Amino acid sequence: MPELSLHPDLRFFPDAASSVAGEYNWLFWALVFVCGAVTLGIACFVVYAAIRYRRRSDDELPPQIPGNMKLELLWTGIPLFLFMGMFAWGAVLFFDIERPPRNATQVYVVAKQWMWKIQYLNGEREIDALHVPVGEPIQLIMTSQDAIHSFFVPDFRIKQDVLPGRYTTIWFQAEKPGKYHLFCAEYCGTKHSGMIGWVYAMDRQDYQAWLSHGAAEGSLASTGEKLFHQFGCANCHHFDGHGPAPDLQGLYGRQVLLKDASPGIADETYIRQKLMDPKRTTVLGFENIMPTFDGQLSEEQVIDLIAYIKALGPGPGDRLPTSSGSTPQEYGTTPGIGEPGASGNAQTEPGIR
Ligand code: CUA
């Protein structure tokens, strides 16, 4: 790509620094080429036809043409083939970016006016900066504390809206060490343009050193465990399955049967909703006695609690008589956001319980 730079940060074309960037470039240039060629072809034909078939005298009448099957098949078939091809190509890339690899490391992001708060599973936190190892898939689980924001790293070709009240996710794998611009790509108020940061892609050793240098107060899950007791959750959610509220062991990613007979998946958004708006749904077989924690828990604390619930191993109440284990598939569920058991939780959070 030609370097037509006015300023180091203002490049003609963004760097291709993630695993999907190359494919996205191919798709982009293919679209530009096809659309450009079609536009140019049509424009040239219009000019040619206007000259070649112009009216030469006042009483000249064009001959009537009843139709041409061959021609019609051709101009229907070729565009159909081209557009379906583009659709299929785009769809393949879309599915790719929507399905995080099972071994992706999870990082939490809270967007707020006007900053990006990044939280790592080990408890490390930072603002407007995201450190990642090169060559390893990273999955971001994101929510907003206020307006709609959008997490955008042009060099990685990733962009995902970040919404209040729910979690959205995106994954990427940085392919070369470097410093990459992070933008907010959704107008979110006065200082929207200042809601920028950097993604630092580092070699594995550098990343490991960076991750352990900080004074993390404890992993997200251990902070979540403290909150779980501090807010009295343990009073009702017993781990023996005999409490007045459901046993939360193995809850994450599982299908939950609700009183109105609708099934729900216990993903991040579900757990957050149970904390902030518990009256909305009731789990089958339980009284809805859960108090709301809206206004008492910050988004960061909700994430700590989610990390804690994720880290809880499967409990005795989770094993159905017909199944030997408690993988989500055995419950007939579709894996949710983080694909339970898919995350790096197991490796990064040993012995949480
Ligand atoms: Cu946040 Cu724009």
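The values are calculated or read from the model by the stated rules, or taken from the named source; none is laboratory data. If you're wondering where the values come from, they're calculated on a predicted model, not measured in any experiment. For neighbour counting, all protein chains shown are included, and Cβ atoms are generated from backbone atoms with ideal geometry for every residue, glycine included. Ligands, DNA and RNA are stripped out before the accessible areas are found, and what is left, the full protein with its side chains, is counted by its heavy atoms. Shrake-Rupley method; radii C 1.70, N 1.55, O 1.52, S 1.80 Å.
Key figures
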quantity: Local net charge near Val20, Cβ-Cβ under 10 Å (Lys/Arg +1, Asp/Glu -1); calculated: -2
quantity: Of the GluC sites (Glu not before Pro) in region 18-106, those whose Cβ has at most 15 other Cβ within 10 Å and which sit in DSSP loop; calculated: Glu60
quantity: Distance between region 119-133 and region 203-239 - C-alpha centres, whole angstrom; calculated: 13 Å
quantity: Quotient of C-alpha Rg and 2.2 N^0.38 Å, computed over region 111-187; calculated: 1.05
quantity: Thr169 accessible area, 1.4 Å probe, all protein chains in place, Å² to nearest 10; calculated: 30 Å²
quantity: Prolate/oblate/rounded call for region 107-151, Cα gyration tensor, a/c under 1.5 rounded; calculated: prolate
quantity: 3J(HN,Hα) from dihedral phi, region 152-166, Karplus parametrisation 6.51/-1.76/1.60, rounded to Hz, x for glycine, proline; calculated: 9, 10, x, 5, 9, 6, 10, 8, 9, 5, 10, 10, x, x, 7
quantity: Size of charge dipole - region 55-185 - debye, nearest 20, with Cβ of Lys, Arg +1 and Asp, Glu -1, no other charges; calculated: 320 debye
quantity: Percentage relative contact order, region 19-156, counting C-alpha pairs under 8 Å, at least six apart; calculated: 22 percent
quantity: Packing-based ranking, highest mean first, of 217-223, 34-40 given that Cβ atoms within 10 Å are counted; calculated: 217-223, 34-40
quantity: Accessible surface ranking that places the most exposed of Ser19, Ser144 first, with a 1.4 angstrom probe; calculated: Ser19, Ser144
quantity: Debye-sum result for region 154-201 in log10 I(q)/I(0), which assumes one identical scatterer on each alpha carbon, at q = 0.16, 0.27, 0.31 Å⁻¹; calculated: -0.54, -1.15, -1.25
quantity: Coil-residue trypsin sites (Lys or Arg not before Pro) of region 48-97, DSSP, other Cβ within 10 Å capped at 13; calculated: Arg54, Arg55, Arg56
quantity: Region 13-96: C-alpha gyration tensor shape, a/c 1.5 cut-off, then a/b vs b/c; calculated: oblate
quantity: Charge context of Ile170, other residues only, Cβ under 10 angstrom, K/R +1, D/E -1; calculated: -1
quantity: Leu130 long-range amide H proximity, modeled H, under 5 Å; calculated: Trp198, Val199, Tyr200
quantity: Total formal charge among the other residues, if their Cβ is under 14 angstrom from that of Leu130, Lys/Arg +1 and Asp/Glu -1; calculated: -2
quantity: Calculated over region 177-320: convex hull of Cα atoms, volume per residue (Å³); calculated: 180 Å³
quantity: Filtered trypsin sites (Lys or Arg not before Pro), region 136-194: DSSP coil and at most 12 other beta carbons within 10 Å; calculated: Lys191
